[in-house]
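The values are calculated or read from the model by the stated rules, or taken from the named source; none is laboratory data. Keep in mind it's a predicted model, so treat the numbers as computed, not measured. Cβ coordinates were reconstructed from backbone atoms using ideal geometry, including for glycine residues, and neighbour counts include every protein chain displayed.
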């Protein structure tokens, strides 16, 4: 990303309790959002979309209102590091609250782009604030600004005098032309960025001080649960709520599109009353459909492959991937207080601006009358791109005329929430004279087509769009071709971590192993000779060396490897598996290497890679959702078999290549490589060719 000039910023000066510097993107905001002051003065107007707001309070706290949501990925820590770096502030003095839904700008959290999109704006923002603070201190001390230094959230004079940033806010608010440079530091001077850092919220998370939506007591909201149909898209035909209403603590029972809601004095009372409801359900539109029929339709929807090059031999394979739930640890929860002329909502959202629009439409209010507070979430993996719970909570609050705290149960989210679509892929590799001369892939996925999609709000899943094996030039595989089809079904689908790449690239990496074997070449050596980019070869070389690729292993055990390139980053993964019992394989070792340009927080990146390794283990070996006569069979972690501690690798290591430059994306990067490596390791350990995932499905 090119360096932004000062003209691309809006700087707000608050001549009172705070110095506020804001960088809005794509809007001319009238004031710094969330700042409190007696007056403000717009100094520079620019065009930066991020709407970052930086405040320095009199008690020397640096507060940045973040237009993203924290769902465990560590974005608040990464942004705090950027701010601390350019301000020369102590990291403990930086606070990163989440901004509520705005009217303009960019508040989307997804696509592994939060750090990369905020890197320039956040550093420029803090560098501008630092220049103003130094200038304010120079005026106070009547010294040349160039002789002053900053450290530990204060300005330091050559004679040892110090002034905290907080003590300079009022003077800094009147600075129009800083006397020192407001450009960010060169990477060579970084003391915070690029250094492994513990999360700024780590202690609060493990001690229970962090507050999630379920912890809020906002608006004195009443506990609420919903009785849902036994099949996807089922409807209430009739309901007898007399027994439920007679139970203690029950405040209201209301019908909504998704079922029947119970509002009570406690969740215990709410669940008891929900179970006492006598409901007759009309079956959903998929009531006669199960997995076998869906797989058959998908197979028929995979487009035919074109003719291969003349004189070439063919390797052709088909792959099947099941539906997968997001199942974040924190179940969907939302607090809603809907009145006649206004509404206020609290929940964790990856797209709060869109959520406000959808909620406003659902309750019949103008969007200007709806206020959305963004709360941190306990996991997401794409699930919180949709705002099902918030829209339901708003509708229930309106009908019940009460503020409510709606909580979906674990079964609610797995059985009625969004899921990664099922996919099928057909891949053909054409080879001649010991090399690949053409690579063709055709894919089909389930896409969403049902009237309930709008009621759930957010991003719906659609058919994959003509994936290619080397969209970014990954392999030198000659002529590339791709096509896609879809099967439209009335079911709730959503973007799951790494979206299409999670299955497309996984299947491609399995085929890369297969063609290497066909050509009589070692999988790593074959990749080295066919990968086009230096960066991806470098991460492959790193895992091969660190993981001792090719070492002798006992019978039933083997190594597997895979690579991936996306989001301006690349990654390689080496896996060791013990499949002596093929029905109960155990990944024993994972080695990953990533090149993401500048890794703002290498420790956070390592945690992200570790998470993707568990994703790969889960979706390849264990975890998927069955559709059984229009219903999702699974309903808890007991049967949606995500990898647990006993399935985690005994040894994990991550290597971050220090290449520098602008940061790339990392949150979803490792999923395809981890999944491909697990599948390849299992195939080599068992001498089989797994083509349907998860293996135990």
From the option list 502, 482, 556, single residue qualifying as modelled with pLDDT under 95 and in contact with a helix residue (DSSP H, G or I) (Cβ under 8 Å, 6 or more places away or on another chain) is 502
Name, by its number, the condition in (1) surrounded by fewer than 18 Cβ atoms within 10 Å (Cβ to Cβ); (2) more than 19 Å from residue 474 (Cα to Cα) that does not hold for residue 522. (2)
Please work out if residue 198 is touching a residue at least 40 places away in the same chain (Cβ under 8 Å), in the same structural domain as residue 118 (by TED's automatic domain parsing) and within 26 Å of the chain's Cα centre (by Cα). yes
Which of the following residues is farther than 24 Å from residue 605 by Cβ, assigned by TED's automatic domain parsing to the domain that holds residue 137 and surrounded by fewer than 18 Cβ atoms within 10 Å (Cβ to Cβ): 177, 189? 177
Only one of these conditions is not met by residue 673: (1) touching a strand residue (DSSP E or B) at 6+ places or on another chain (Cβ under 9 Å); (2) in a loop (DSSP other than H, G, I, E, B). Which number is it? (2)
Within the group 360, 394, 390, which residue is free of Cβ contacts under 8 Å to residues at least 24 places away in the same chain, assigned to a helix (DSSP H, G or I) and more than 21 Å from residue 499 (Cβ to Cβ)? 360
Is it the case, given these coordinates, that residue 345 is buried (at least 16 other Cβ atoms within 10 Å of the Cβ), more than 24 Å from residue 395 (Cβ to Cβ), within 30 Å of the chain's Cα centre (by Cα) and in contact (Cβ under 8 Å) with a residue 12 or more places away in the chain? no
Do we have residue 13 as modelled with pLDDT under 50, in a strand (DSSP E or B) and under 26 Å from residue 137 (Cβ atoms) here? yes
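Rundown of residues vs (1) surrounded by 23 or more Cβ atoms within 10 Å (Cβ to Cβ); (2) over 17 Å from the mean Cα position of the chain (by Cα); (3) under 30 Å from residue 623 (Cβ atoms), yes/no style:
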{"position": "336", "(1), (2), (3)": "yes, yes, no"}
{"position": "357", "(1), (2), (3)": "no, yes, no"}
{"position": "361", "(1), (2), (3)": "no, yes, no"}
{"position": "386", "(1), (2), (3)": "yes, no, yes"}
{"position": "403", "(1), (2), (3)": "no, yes, no"}
{"position": "424", "(1), (2), (3)": "yes, yes, yes"}
Could you please let me know if residue 135 is buried (at least 16 other Cβ atoms within 10 Å of the Cβ) and touching a residue at least 60 places away in the same chain (Cβ under 8 Å)? no
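Taking the options 621, 605, 625, 609, name whichever one is within 23 Å of the chain's Cα centre (by Cα), surrounded by 19 or more Cβ atoms within 10 Å (Cβ to Cβ), modelled with pLDDT of 95 or more and under 25 Å from residue 286 (Cα atoms).
Details: 621 fails: under 25 Å from residue 286 (Cα atoms); 605 fails: under 25 Å from residue 286 (Cα atoms); 609 fails: under 25 Å from residue 286 (Cα atoms).
Residue meeting the stated conditions: 625.
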Filter result for the condition that a residue is assigned to a helix (DSSP H, G or I), under 30 Å from residue 355 (Cβ atoms) and within 18 Å of the chain's Cα centre (by Cα), over 112, 116: 116
Residues within region 237-279 that are within 15 Å of residue 393 (Cβ to Cβ) and under 32 Å from the mean Cα position of the chain (by Cα), tallied: 10
List the strands (runs of 3 or more DSSP E) that sit entirely inside region 143-192 and contain at least 2 residues that are at pLDDT 95 or above and more than 38 Å from the chain's Cα centre (by Cα). 162-164
Anything in region 387-396 that is more than 20 Å from residue 103 (Cβ to Cβ) and at pLDDT 95 or above? List them, or say none. 389, 392, 393, 395, 396
Please verify whether residue 447 is under 24 Å from the mean Cα position of the chain (by Cα), in a strand (DSSP E or B), within 30 Å of residue 112 (Cα to Cα) and in contact (Cβ under 8 Å) with a residue 12 or more places away in the chain, treating the condition exactly as stated. yes
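For the condition modelled with pLDDT of 95 or more, buried (at least 20 other Cβ atoms within 10 Å of the Cβ) and under 30 Å from residue 568 (Cβ atoms), what is the one hit in 632, 671?
Working: 632 fails: under 30 Å from residue 568 (Cβ atoms).
Testing whether each residue is modelled with pLDDT of 95 or more, buried (at least 20 other Cβ atoms within 10 Å of the Cβ) and under 30 Å from residue 568 (Cβ atoms) leaves just 671.
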So if I check each of 80, 101, 137, 127, which one is in contact with a strand residue (DSSP E or B) (Cβ under 8 Å, 6 or more places away or on another chain) and within 28 Å of residue 596 (Cα to Cα)? 80
Does region 201-224 include one or more residues that are touching a helix residue (DSSP H, G or I) at 6+ places or on another chain (Cβ under 7 Å) and part of a strand (DSSP E or B)? yes
